[in-house]
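The structure appears below as structure tokens.
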Amino acid sequence: KRDLLLLHSGGGVMTPASVKDFSARLAGSGIAAGAIASRFIGNLCGYPNSIGFDMGGTSTDVSLAWNGESRITKDWYIEFGYPIRFPSIEVLTIGAGGGSLAWQDEGGSLRNGPQSAGAFPGPACYKNGNRIATNTDANVVLGRLGTSLAGGKITLDPALAAEAVQETVAEPFGMELHQAAEAIIAVANANMGNAVRLLSISRGYDPRDFALVAFGGAGALHGAAVAKELSIPTVIVPPNPGVTSALGCLLVDVQHDFSESFMADASTVSPAEMQAAFVLMEKQAVERLGHEGVAQEDMALQRTVEMMYQGQWRSLAVSAPARIESICPLIEAFHNEHEREFNYRREDAPVSIFRIAVKAIGIVPKAEIPRHGVLPHVPEPLGRRGVWFDGVSHDAAVYERDQLSAGAAFAGPAIVEQFDSTTVVPPGMSATVDGFLNILIVTKG
């Protein structure tokens, strides 16, 4: 028996008593759970730089971990424009999912989403009356999805999927059926690829230095194609992609964030003054953790300082030591972080300190992932079917995920089916199952 803890958007949990004071932190907690799980899986597989790619029925959530830590944003806006000014795991959400609708804009171009068929009526192949093509319908036409989902609980009608793709895209654009289905998927992948670019390239990160963790009900369907478009060399598909976000809730500590303005010129500020401000804030942090029932030996405190070049409006956070004896290391760390994010530094420019912050962590027991013995082998497929890639129908091997043990290795084109997701391994790519039963896809042949 354990006390109830609630996840918040900063990547930690807190007690119901704290929720009364910080209820706004619960907004965005669901997508934060996916980002936490993605970061954990990346670290587990030896990829401290990872991009979370959580694609569901109506949206795709993209997150990023660098050196094993999630990227944090100081504030973000919920759907209808209200700001949440608490440190939160940075997640970029776009309207691209399995139910996203294909449509033609006023200029005659093919679009995909953000409108969605939702769970009901759902894609045309769900047989609930929708006649507009979705990403799911396109994947059925291409053979990437079979005739059922969720272990046979949801049956799919390929004829209705083909009819929707034909009427929505093939006829208006003068395309053949499979060409139209691939066009639908290509637009969806381009949209999701742009989301990854916004969270990586535009933040100063090179996607080639990352692994893509593909999860959610549809993430593994599209992950390899999106990774290839961005030259990401490795895709990691967790054992249970559809419920990976839930795993994130089991991997967190009690966490609270404290910050206060500390406006000063970095060249003249007193280290003793900054140290005193940190000590006072840390006293509050320890008291808060104590109220949460965290024992002293399970507490950890992390300091950060937000800095900027004078005249700038956007600050960058750098880690600060437990004892501030000189500001020079902080200034150098800021120059380095500015160069990483914006590709330039100004050694001669005056630096301003904007804010100091303390993250208070109460370490709690976490889920442990069992490791299996790896025995390299080539698994026997359960069957084969025609799957379309780049205008050509390929004879693809079909595997059942539950039958793939650690050490299994196979080449694309291949389809891996399971209760909560389907994994696509395109031609020219290869896949292996690691000791934690993740599928690792190498995107370069």
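Determine, for L64, L5, L301, the number of other Cβ atoms within 10 Å of each Cβ, and report the residues in order from fewest to most.
Details: L64 25, L5 20, L301 16.
Ascending number of Cβ neighbours within 10 Å: L301, L5, L64.
Can you put I232, I441, I78, I84 in order of Cβ neighbours within 10 angstrom, beginning with the fewest? Please report the intermediate quantities before stating the final value.
Working: I232 26, I441 29, I78 12, I84 17.
Exposure proxy ranking, most exposed first: I78, I84, I232, I441.
Taking a point 7 angstrom from the Cα of H291 along the C-beta vector, which residues in segment 358-376 have backbone N less than 17 Å away?
Zone members listed by number: 358-362.
Could you run the Karplus curve 6.51 cos²θ - 1.76 cosθ + 1.60 with θ = phi - 60° over segment 95-110 and give me ³J(HN,Hα) per residue in whole Hz, x for Gly and Pro?
x, 9, x, x, x, 4, 8, 7, 7, 10, 7, 5, x, x, 8, 7
Need the C-alpha centroid separation for segment 203-234 versus segment 23-92, integer Å.
Using only Cα atoms to place each centre, the spacing works out to 15 Å.
Give me E176, E368 ranked fewest to most by other Cβ atoms within 10 Å of their Cβ, as a rough exposure proxy.
The fewest-first ordering by Cβ neighbours comes to E368, E176.
Measure off 7 Å from each Cα along the Cα-to-Cβ vector at K153 and Y344, then give the distance between these two points in nanometres to one decimal.
Each label point is offset 7 Å from its Cα along the Cβ direction, giving 5.6 nm.
Need one word for segment 257-362: rounded, prolate or oblate. Basis is the Cα gyration tensor (sqrt eigenvalues a ≥ b ≥ c); a/c below 1.5 gives rounded, then a/b vs b/c decides.
Numbers: a/c = 2.49, a/b = 2.01, b/c = 1.24.
Since a/c reaches 1.5 and a/b is larger than b/c, the shape of segment 257-362 is classed as prolate.
Could you give the dipole magnitude of the chain about its Cα centre, charging the beta-carbon of Lys and Arg +1 and that of Asp and Glu -1, in debye to the nearest 20?
Approximately 400 debye in magnitude.
For the chain, what is the calculated [θ] at 222 nm in deg cm²/dmol (nearest 500), taking -39500 (n - 2.57) for each run of four or more DSSP H residues and dividing by its residue count?
Value at 222 nm, helices only, nearest 500: -8000 deg cm²/dmol.
With each pseudo-label sitting 7 Å past Cα toward Cβ, what's the C328-S231 distance in nm, one decimal?
Distance between label points: 3.9 nm.
Using a cut-off of 18 Å between alpha-carbon atoms, which aspartates and glutamates can reach K283, once sequence neighbours fewer than 8 places away in the same chain are excluded?
Hits, sequence-local ones excluded: D257, E260, E273, E292, E297, D298.
Dipole magnitude of segment 1-133 about its Cα centre, charges +1 at Lys/Arg Cβ and -1 at Asp/Glu Cβ only, in debye to the nearest 20?
For segment 1-133, the charge dipole is close to 340 debye.
If I require 24 Å or longer along the helix axis, counting alpha carbons, and a Kyte-Doolittle average no lower than -0.5, what helices from the chain are left? Use full DSSP H segments.
Result, helices passing both filters: 177-199, 271-291.
Could you order peptides 138-145, 52-59 by the average number of other Cβ atoms within 10 Å of their residues, highest first?
In descending order of packing, they fall as 138-145, 52-59.
Please give, to one decimal in nm, the separation of the simple spin-label points placed at F120 and S23, each 7 Å out from Cα toward the Cβ.
Here the answer is 3.0 nm between the modelled labels.
Using packing as a proxy for protection, rank 258-269, 338-349 so that the peptide with the highest average count of other Cβ atoms within 10 Å comes first.
258-269, 338-349
Just so you know, all these numbers are worked out from the coordinates, no wet-lab data involved. Note that this is a predicted model, so its numbers are computed, not measured. Heads up, the Cβs are rebuilt from the backbone with ideal geometry, glycines too, and the neighbour counts pull from every protein chain shown.
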